[in-house]
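First the structure, in the form of structure tokens, and then the observations on it.
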Amino acid sequence: MRVIILILMCILVTSALAESYQGIPVSTLVRVPYPWGSTAFSPNTDTAEMLKDARYAAMVYISGRTSTQQPSAYDESLAFARAASARKYLIERGVSPLKIMMNYVSGDDFIADNSTPEGKRANQRVDIEMMFVPMY
């Protein structure tokens, strides 16, 4: 009898959680800037700490970016190399390569005014979006 009551209580609690949460995925975005022309992925301490959670993400999207106005073969390869260096970093820290998707864009997708030196520095980056799907 106790086992049946316990099972019923578990079902009720699980149903209540499912109704209140609805299983909506949670996304976390991390931006890592790059010096001009660099492909070396070197997140600061706080960012590296946040990236530890990538192991538990259902999916990780990496987007390499440059700050050029006109796309060129060099800038496309630079954006790709930045995304690839971030991917390598995450895999070395236990993230499954099967969870990682990459993309890269040069000459587009700016987050700051690209006509200023500060804006150009902000636009030379990798965006890492970690998607977490709740388990209950």
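The values are calculated or read from the model by the stated rules, or taken from the named source; none is laboratory data. What you are looking at is a predicted structure, and each value in this text was computed from that prediction instead of being measured. Glycine gets a Cβ as well: all are built from the backbone with ideal geometry, and neighbour counts include every protein chain shown. All accessible areas refer to the heavy atoms of the entire protein, side chains included, with ligands and DNA or RNA removed. Shrake-Rupley method; radii C 1.70, N 1.55, O 1.52, S 1.80 Å.
Roughly how many debye, to the nearest 20, is the charge dipole of region 40-83 about its Cα centre, given +1 on each Lys and Arg Cβ, -1 on each Asp and Glu Cβ, and no other charges? Can you show the working numbers first?
Details: 4 positive and 5 negative charges, 17 e Å.
In total the dipole reaches around 80 debye.
Mind checking which lysines have their Cα closer than 16 Å to the Cα of residue 99? Skip sequence neighbours fewer than 8 apart in that chain.
Within the straight-line limit of under 16 Å, residue 99 reaches these lysines: 52, 88.
Note down the net charge around residue 91, summing +1 for each Lys or Arg and -1 for each Asp or Glu among other residues with Cβ under 13 Å from its Cβ. Intermediate values should be presented prior to the final figure.
Values: positive: 55, 87, 88, 93, 99; negative: 92.
Cβ neighbours under 13 Å give a net charge of +4.
Accessible area per residue of region 40-136 at 1.4 Å probe, in Å²? Intermediate results must be reported in sequence, preceding the final value.
Details: 5340 Å² over 97 residues.
Using a 1.4 Å probe on heavy atoms only, each residue of region 40-136 averages 55 Å².
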